[in-house]
Structures are given as C-alpha cells and as structure tokens.
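The structure appears right after this line, and notes come after that.
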C-alpha cells in the first residue's frame, strides 16, 4: 500500500493551476446515461473516483476514452440497467446512476454505495423523492431495485439540502412527464455545473444556484460538450498549504466566489489573501500572529465540510483557542488523533473540536482515514519539522489530481513510496 513521505519546513512558492472539480465531474459523467450519442467533457481531473465512474459506465454498456483531462463517453440506444456491487461499493457517488437509468429506461438495479467512512449518509431522501415521482422501489440484498412506466413530475421537498439527492432528482426529472419542483435544494456550485450540462443536452431547468429548482421534463436529450468547473476544495487546500509553510502561492484557474465563506474565515485569522478575477494570491510569510476563529460547517454557501480538516490544521498555528462545529457528517474528526501525533493540541467530541495554538508540529508517522483528512495530514506534514509519513494515501488519490507533482513544483519535498 502506497505511502507519502514529506520532509517538512520548506516554504511553498510559485503558481499552481487547480484541476477540475471531482464533485462536479462525477455527476456529469453519470448524467451522460440520459442521452444517446458522444458526450465530450474537458477539465476532468485524473482521479481514482473518475476511473471508477468510467468503469461503471463501461459496465453499463458505454464506451469511454480518457486522455489529457478530456473524456469521451459514447452512449448507445440501449444500456444495461444493473450497477453491480463490485464497482459501486468503492464510491459513494455511484448511486447517481439510479436517477438517470430509471428515468430513461424505466428500471434500475443499483448496489448500495460505499465511499469514505465519515459517517452515515443515507439515501432515503433520494428514494423517497423518486417514489413521489411514481417509482416503485424495493431495497433488498444490498441493492436498490427501482421501476416505473415513466417518472412523473412532482413537488419534492428535502428536509435537508442533500447534494446527492438534489443531483439524482435533477437528472431524473429531465426526462419525467411534466414539471418537477425541488424545494430546499442543495446550492453547491457543482450542482449548478451539472445543471448547466443538462441544459446543454436540451433540458429545461430554472433556478440553478437557488434553493428552488424547476425542471420541465422532455421526451429526450442529446449528447453535448462541457468544461468542468475548477475544484474549490483543492484550491482551499493550497491556500492552507501556503499559510502553513509561510510561502507565497498564486492559485490559478478558479472561481473565487465559490470559496467566499472560506476566504472570509481566512481573512478573519489575519492572513494575507488577495482575490483576483480567477485567482487567489496567498502570502504566508508573516503568519506568526494568526488569530483564532470559530468555524461552523454548513451547506453551501456556508463553510464547506470538505475544508474543515484543512482549516483545523491551519488553526494549530493560531494564537489562542479556536472552535470547530461539524454539522454535516457525524464522524468527521478522525484526523484529530493524527494531528495530535504531530504535536497539535486538539480535543474533540462527536460534533465539535477545540484547537489550542500555536503548536510546533513535528514529523511523525500518521494514517489517513478519509479523503479530506489525507489532505490535512499532507499540509501538516509540509509545515512540520522533520519527516512525516502519511499512510493509506489511496484516499488522497480519490480527490487530488497529481498533488505530489504540484507540491514539488512549488518547492516542497514530497515523494511516494510503496
């Protein structure tokens, strides 16, 4: 099993170009199931999760080509409607095959999905919404069995603004009969990006980026072309890396407004960050007097849970006590004990953590427990004195495209070993 070895204490300086967003590319790839023809996507990150999704599409009968961050997906008139456990178990987002397959073909058998062990993420909201649209659904032997004659438009209210649920119903509704209204919809930029590709395929959608989305169903859609938006979580990770290592990085190829809540908290610490039209410039050369802050994770446009671990790492350098409240997942502080191994002073309960700083981090062997925890440990290792070895980095490969080379190009000393 691969591990990453980091020699810390070296400032990161230079420019870094952010890759396409995993959380946008995955649902867009599964949306290709809705329309016959050749779909062409660009700015697709080269990640384990992307390759898993392509294998799922191929198992369903699609033909795919992935090269130089561009993907071609050829979808035929007929497809398999069975997504097996051996593929689906590796990735949470694979449940997004359910809506498109059911809506286009009237039946789907999809394994209950896997993914990071960051807490309970039930798909009940997905299934209840599809039932309101006329689907007959049974969950048995680890599979969701769904069928319908044709989905019908309905009014869907989500008790919680579920990202996956919003994406599944958004896709399913494009081929449903009549109008579907999703209330309390998730508002993440990645959902808006998915919606824009559905529109490019001929879907009729209004309200993207708002809490109410309306979809007027069509008889069919057509394949199209699309460029995936930049990964705001990768961008935020490099912001923290610059500050932690006391370097200066220009982070390019991004949409700064997608990081508004994160940027405001960075400014609240007193760190120097300049916002450009499509870039951020972060100067960590004077981070001796960072102020403690309180972080409360919330659905977009609130502070993203996917940057909570990285922000916690930064707050180990702040003078005083910072507080973090995690409201999205109930098991997302598994990185705390690993940061403590590096010398951090952090105490955590199920939903809250207290970070006392500043701490002098020192290299040690640590273990990644999920995707974003992996990133926080890499960033911590870059700032720590001595050698840090991050084990189980397959988590990192699920969400960061070529991160080691990007760090090396900025002056970091990082390598991968077996």
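Residues that are crowded, with 20+ Cβ neighbours inside 10 Å and part of a strand (DSSP E or B): does the stretch 32-39 have at least one? Scanning the stretch 32-39, I find at least one residue that is crowded, with 20+ Cβ neighbours inside 10 Å and part of a strand (DSSP E or B), so the answer is yes. Return yes or no: is residue 340 under 12 Å from residue 312 (Cα atoms) and under 21 Å from the mean Cα position of the chain (by Cα)? So residue 340 fails the test. Checking each residue in the stretch 214-252 for being within 17 Å of the chain's Cα centre (by Cα) and either part of a loop (DSSP other than H, G, I, E, B) or over 30 Å from residue 14 (Cα atoms) (or both) picks out 228, 229, 231. Of all residues in the stretch 40-71, those satisfying the criterion of being within 22 Å of residue 405 (Cα to Cα) and assigned to a loop (DSSP other than H, G, I, E, B) are 43, 44, 45, 46, 47, 68, 69.
Filtering the stretch 1-15 to residues that are touching a strand residue (DSSP E or B) at 6+ places or on another chain (Cβ under 6 Å) and part of a strand (DSSP E or B) leaves 3, 4, 5, 6, 7, 13, 15. Within the stretch 110-139, the set of residues being crowded, with 18+ Cβ neighbours inside 10 Å, in contact with a strand residue (DSSP E or B) (Cβ under 7 Å, 6 or more places away or on another chain) and either at pLDDT below 95 or in a helix (DSSP H, G or I) (or both) comprises 110, 111, 127, 129, 130. For the stretch 354-381, the set of residues classified as over 19 Å from residue 412 (Cβ atoms), surrounded by 21 or more Cβ atoms within 10 Å (Cβ to Cβ) and either in contact with a strand residue (DSSP E or B) (Cβ under 6 Å, 6 or more places away or on another chain) or not assigned by TED's automatic domain parsing to the domain that holds residue 321 (or both) consists of 355 only. Hey, any hits in the stretch 311-319 for a residue that's crowded, with 18+ Cβ neighbours inside 10 Å, in contact with a strand residue (DSSP E or B) (Cβ under 9 Å, 6 or more places away or on another chain), at pLDDT below 95 and closer than 24 Å to residue 188 by Cα? No, the stretch 311-319 contains no residue that is crowded, with 18+ Cβ neighbours inside 10 Å, in contact with a strand residue (DSSP E or B) (Cβ under 9 Å, 6 or more places away or on another chain), at pLDDT below 95 and closer than 24 Å to residue 188 by Cα.
Each residue in the stretch 79-107 was checked for being more than 19 Å from residue 64 (Cβ to Cβ) and not in a helix (DSSP H, G or I), and 3 pass.
The values are calculated or read from the model by the stated rules, or taken from the named source; none is laboratory data. What you see is a predicted model, and the numbers here were worked out from it, not measured in a lab. Quick reminder, even Gly has a Cβ in these numbers, built from the backbone with ideal geometry, and neighbours come from all protein chains shown.
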